[in-house]
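To start, the structure under review is shown below, and the notes come after it.
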Amino acid sequence: MFGFLIGFACLVGLIAVLKRGHRCGRGWHGGWHGGGRGGWRRGRRRGPGAFLGFVFDRLDTTPSQEKEIRAAVEELFDKGAEMKREARTSRKDVARLLRTESLDETILGEAFARHDERLRELQKAFADALGRVHQALDAEQRARLADFLERNDHDGHGGPYRGWA
């Protein structure tokens, strides 16, 4: 039961990090440390656009491919924002449960039902986005993207750009 809540919190955290970037000792880094196309806006890039510019450069995509992929990723991030709003509601539910004399399993069940529904929606949005990306890219581009995803598991061997020339 708590494993689901922890997993849900981790998913929300991942979406927040990918959307906002992070601050480290060397300054602000939006998304995945900026990207290729479009240049830097006021010294930083934010959101999925920073990483997508890097990917588009490596895959040598056409403008129409880029437009379709950007739209798919933006819709996926919008669905992730809905998950974040659900996390706020869940925190309020947990706080309300903690204030009661005995644990009200009805409220807990309703919260879990909402979580299940939102997770199914996010899974569907991910599948839809992946399908759109798959269709937008040609076979060679898909193979290069798949190789990148397999090789860059961030196991301590450098940053996200290591290993993909």
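Table: residues versus (1) in a loop (DSSP other than H, G, I, E, B); (2) modelled with pLDDT of 95 or more; (3) touching a strand residue (DSSP E or B) at 6+ places or on another chain (Cβ under 6 Å); (4) under 30 Å from residue 85 (Cα atoms).
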residue: 144; (1), (2), (3), (4): no, no, no, no
residue: 148; (1), (2), (3), (4): no, no, no, no
residue: 153; (1), (2), (3), (4): yes, no, no, yes
residue: 159; (1), (2), (3), (4): yes, no, no, no
Notebook entry, point to check: Are there any pairs with C-beta distances below 7 angstrom linking a residue in the stretch 92-114 that is within 15 Å of residue 9 (Cβ to Cβ) to a residue that is hydrophobic (A, V, I, L, M, F, W, C), with the two at least 6 apart or on different chains, and if so which?
Noted result: 93/107; 93/111
Notebook entry, point to check: Hey, does the stretch 66-86 have a residue that's under 15 Å from residue 52 (Cα atoms), of a type in the set (Val, Ile, Thr) and either surrounded by 15 or more Cβ atoms within 10 Å (Cβ to Cβ) or at pLDDT below 95 (or both)?
Noted result: yes
Next item on the list: Please work out which one of (1) aliphatic (A, V, I, L, M); (2) farther than 28 Å from residue 149 by Cα; (3) crowded, with 17+ Cβ neighbours inside 10 Å is the condition residue 98 fails and give its number.
Entry: (3)
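The values are calculated or read from the model by the stated rules, or taken from the named source; none is laboratory data. Given the structure is predicted, the values throughout are model-derived calculations rather than measurements. Virtual Cβ from ideal backbone geometry, glycine too; neighbours counted across all protein chains shown.
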